[in-house]
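Have a look at the structure below, then the notes.
The values are calculated or read from the model by the stated rules, or taken from the named source; none is laboratory data. Owing to the predicted nature of the structure, the values given are computational and were not obtained by experimental measurement. As a convention, Cβ positions derive from the backbone with ideal geometry for all residues, glycine included, and neighbour counts pool all protein chains shown.
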Amino acid sequence: MRYSRPHGGRHRSQNARCGKGSPRGNARGAIALLRRGAAAVADYEGEPPDGLDAAAVVTGARELAEQIDKTGVAALTEHDLRLRLATG
């Protein structure tokens with residue numbers, strides 16, 4: 001009988017290395033996801049859902065992608081990874 005692995009097919013040791021607080025260092029993948037996400041959210045800039053500041057989210061994602069492109073994933077701090085939300 002063949003059993004499926006509960007964590008997306010990865011071995012547990014691979015998941016441990018990819019856990020919270022230990023960035024994997026895949027800068028190309030991070031940049032691609034941030035840019036793809038920014039493009040998807042940009043579609044909402046004209047009429048944002050639930051008052052979301054879509055322009056701020058797009059700008060933040062693009063700036064983070066540029067920062068990763070320049071300095072790499074390992075140079076990011078916890079503060080760099082936080083989405084800045086406007087109030088009011």
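Just need a number here: residues in the range 57-81 that are outside any loop (DSSP other than H, G, I, E, B) and surrounded by fewer than 16 Cβ atoms within 10 Å (Cβ to Cβ). Talk me through it step by step, then tell me what you get.
Looking only at the range 57-81, we keep the residues that are outside any loop (DSSP other than H, G, I, E, B), and these are 57-71, 73-75.
Now drop any that are not surrounded by fewer than 16 Cβ atoms within 10 Å (Cβ to Cβ), which leaves 59, 63, 66, 69-71, 74-75.
Matching residues across the range 57-81 total 8.
Contact map, the range 53-68: residues that are touching a residue at least 40 places away in the same chain (Cβ under 8 Å) paired with residues that are part of a helix (DSSP H, G or I), Cβ distance under 6 Å, separation 6+ or inter-chain. Pairs shown: 68/27; 68/30; 68/31. Picking from residues in the range 41-54 that are exposed (fewer than 14 other Cβ atoms within 10 Å of the Cβ) and assigned to a helix (DSSP H, G or I), the one that is modelled with the highest pLDDT is 50.
Filtered by the rule that a residue be aliphatic (A, V, I, L, M), over 11 Å from residue 27 (Cβ atoms) and modelled with pLDDT of 90 or more, the range 58-88 gives 58, 61, 64.
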